[in-house]
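Encoded as structure tokens, the structure appears first; notes follow it.
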Amino acid sequence: MRASSYSFFRLLLLLLLQQRVWGAMHWSLLRILTDDLLEKTDRAKLVGNYKAPTMPTNDYLIDPSCDEDQDDETCQAAKANRRSVFPRKEDDDEGPLVCLAFLSCCGRTDLLQSTMQAVIHHMEHDEPEVLKRRYEIAWLDNGSPHEKQEHISSTFQVDHALPMPRNMGLAWGMNALMFDMCTAPYILLLEEDWLYMDGAVADHNIRRKHAIANALALLESKPVDPETKRPIKGVFLRTESNIVKTGRGVVPHATLGSDDNSDDEYTVDNLEYRISCMKFPDNGHIFGAFTNGAGLYERDALIHQVGRMYGEPGDVFSDLAVEGNYCFRVGLQFCASRINMDPTIPECDFDNNPHVPPTCAAVFAHIGGGRGTRPARRIHMKCPDDAWNFYGTPWFDQIPKEECSKHIGTIWKQLLLNEEFQRINDENNEAVFAREQEQRKKMLSLADLFEPKSSDPEEFRRYYGAHDAQYASMTDDEIRSFPTKLRKMALSEHQLPGFWDILGRPLGVEFETPYSDDL
């Protein structure tokens, strides 16, 4: 093809996309777009042209433990959960209240499958009736292999789906979900690896069953932090490693749902919450008001008062600072909150226990330990520069910059660095994965071993307590349920303790990242 013809074809594509004359298109057409076109095309118009609901034709999930060379029939796992309302009617007077937003990338659709399956089951079986009918799902995949994208789109009922042919980066994906795909007033960010905490890892009490409804009811009450005077616009629903004593608030009577139909309302009295605000510069921390997952936020506040995330293709920005920068900008204007999910457990006393367990305010836990898609430790970063966390604010000009930031590569080039890190990271963590799998096998064997004597707690304590003191102190109920709990945890996709930290980084593994010279 002659250069002039190529330029004309590229210009024609760009004009068609900008004018939106093609209407709804099949996702395969995205694959003819070059990086240059993807960068220059307006994100909102591209998403508007290509996002579409999925039309599931496959009832079964794929068992992630199957080998790649096994056929689908052999590897069929559980049936995919179906939604009570799908698709939503466009003329429905009661639109969705919350958007469950998923951002996957880099082939990690096995994690997405688990995350999506669990939260749909939770919404359909645990949350109150008003939410069962009034939630939507948005999913954007950043460049996973086509067959993996196809499996998700053919298996789950998604209102707004967009499988991109290449990785557009964290910022582009998050902005697309928040600005262009979700329509509900609230958004629950789950990425692809925040798994609902079932009975295998947490007490499945009424607080967790109604966690999303309670979080929405809390935000609907328009709370404000009395100390900073900042509105509270978010609720953390994730495992946390640094829960400390913070300000306390109570909503005497919170309501969610229709004002005209009492049968369609959800109410909760004396809803207690803890306030989480960014305290920069007092403590030097930029986090406290926002997280990519798992957190629920008021969309309008993020869109109109904070704006987009920086780090889209075409931006001069550090991809490593996308979340940190947004956390800082959100924290300048708003606060977030936490709800105690285990208020009857003494260890979860936020006021008197300085070491609150990370699960006390959690509904979702991080999975996929050791499979990070970008560096989380400075030692693995090619150009770590904290100054980028303050970009777009008056603080940025006051902070010295690292020399490497003066020559920072394009977002496309930085995404190639992330791919290199992911490959190196996977290789170095193989041994940890193997040890964790071996531990799961041992847990299943122990469950079989304990089963016969678990029906007689006295005999269990006498026999096993002689070998290990922890068994001698177990209650009757704990003994009877012990084999079942062991099996649940062994078969669960939640991470086993002792192998990964709270951020999914392997314990006791150190390695360097010898990036290619041309990256």
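Taking the listed residues Phe460, Phe421, Phe433, the one that is surrounded by 15 or more Cβ atoms within 10 Å (Cβ to Cβ) and within 24 Å of Asp35 (Cα to Cα) is Phe421, with no other qualifying.
Per the conditions (1) touching a helix residue (DSSP H, G or I) at 6+ places or on another chain (Cβ under 6 Å); (2) buried (at least 22 other Cβ atoms within 10 Å of the Cβ), the sole criterion not satisfied by Asn292 is (2).
The single residue among Asp269, Asp282, Asp263, Asp300 that is modelled with pLDDT of 95 or more and not hydrophobic (A, V, I, L, M, F, W, C) turns out to be Asp300.
Among the residues in the range 423-437, are any within 18 Å of Lys488 (Cβ to Cβ), in a helix (DSSP H, G or I) and among the acidic types (Asp, Glu)?
Going residue by residue through the range 423-437, those that are within 18 Å of Lys488 (Cβ to Cβ) are 436-437.
After this cut, where a residue has to be in a helix (DSSP H, G or I) as well, the list is 436-437.
Going one step further and asking which of them are among the acidic types (Asp, Glu), we end up with 436.
Yes, because at least one residue in the range 423-437 is within 18 Å of Lys488 (Cβ to Cβ), in a helix (DSSP H, G or I) and among the acidic types (Asp, Glu).
Here Gln305 passes the criteria (1) surrounded by fewer than 18 Cβ atoms within 10 Å (Cβ to Cβ); (2) under 18 Å from Asp501 (Cβ atoms); (3) not charged (D, E, K, R) except the one numbered (2). Among the residues in the range 2-22, are any at pLDDT 75 or above and at positive phi? No, that holds for no residue. Residues Pro231, Pro281, Pro313: which one is open to solvent by 10 Å² or more (accessible area, probe 1.4 Å), of a type outside the set (Asp, Glu), in contact (Cβ under 8 Å) with a residue 60 or more places away in the chain and under 30 Å from Cys404 (Cα atoms)? After applying the criteria, what remains is Pro313. Scanning the range 406-415 for residues that are part of a helix (DSSP H, G or I), open to solvent by less than 80 Å² (accessible area, probe 1.4 Å) and of a type outside the set (Phe, Trp, Tyr) yields Ile411, Gln414, Leu415. Condition check for Tyr471 on (1) within 19 Å of Gln439 (Cβ to Cβ); (2) in contact (Cβ under 8 Å) with a residue 12 or more places away in the chain: one failure, at (2).
Considering only the range 393-401, I want to know if a residue exists there that is of a type in the set (A, V, I, L, M, F, W, C), without any contact (Cβ under 8 Å) to a residue 40 or more places away in the chain and within 23 Å of Gly314 (Cβ to Cβ). Yes, some residue in the range 393-401 is of a type in the set (A, V, I, L, M, F, W, C), without any contact (Cβ under 8 Å) to a residue 40 or more places away in the chain and within 23 Å of Gly314 (Cβ to Cβ).
Put simply, of Thr344, Thr359 the only residue that is closer than 30 Å to Arg248 by Cβ, touching a strand residue (DSSP E or B) at 6+ places or on another chain (Cβ under 9 Å) and of a type in the set (S, T, N, Q) is Thr359. Which one is nearest to Phe421 (Cα to Cα) among residues in the range 378-405 that are touching a Lys or Arg at 6+ places or on another chain (Cβ under 7 Å), of a type outside the set (Asp, Glu) and part of a loop (DSSP other than H, G, I, E, B)? Top of the filtered list is Pro384.
Checking each residue in the range 471-494 for being open to solvent by 40 Å² or more (accessible area, probe 1.4 Å) and either among the small types (Gly, Ala, Ser) or under 30 Å from Gly368 (Cα atoms) (or both) picks out Ala472, Ser473, Glu478, Phe482, Thr484, Lys485, Arg487, Lys488, Leu491, Glu493.
Which of the residues spanning the range 110-161 are in a helix (DSSP H, G or I), over 22 Å from Met197 (Cα atoms) and either open to solvent by less than 10 Å² (accessible area, probe 1.4 Å) or polar (S, T, N, Q) (or both)? Once the filter is applied, which keeps residues that are in a helix (DSSP H, G or I), over 22 Å from Met197 (Cα atoms) and either open to solvent by less than 10 Å² (accessible area, probe 1.4 Å) or polar (S, T, N, Q) (or both), the range 110-161 yields Gln149, Ser153, Ser154, Thr155.
The values are calculated or read from the model by the stated rules, or taken from the named source; none is laboratory data. Being a predicted model, the structure only gives us computed values, none of them experimental. Every residue, glycine among them, receives a Cβ derived from its backbone with ideal geometry; neighbour counts consider all protein chains shown. Ligands, DNA and RNA are excluded from the accessible area calculation, which covers all protein heavy atoms including side chains. Shrake-Rupley method; radii C 1.70, N 1.55, O 1.52, S 1.80 Å.
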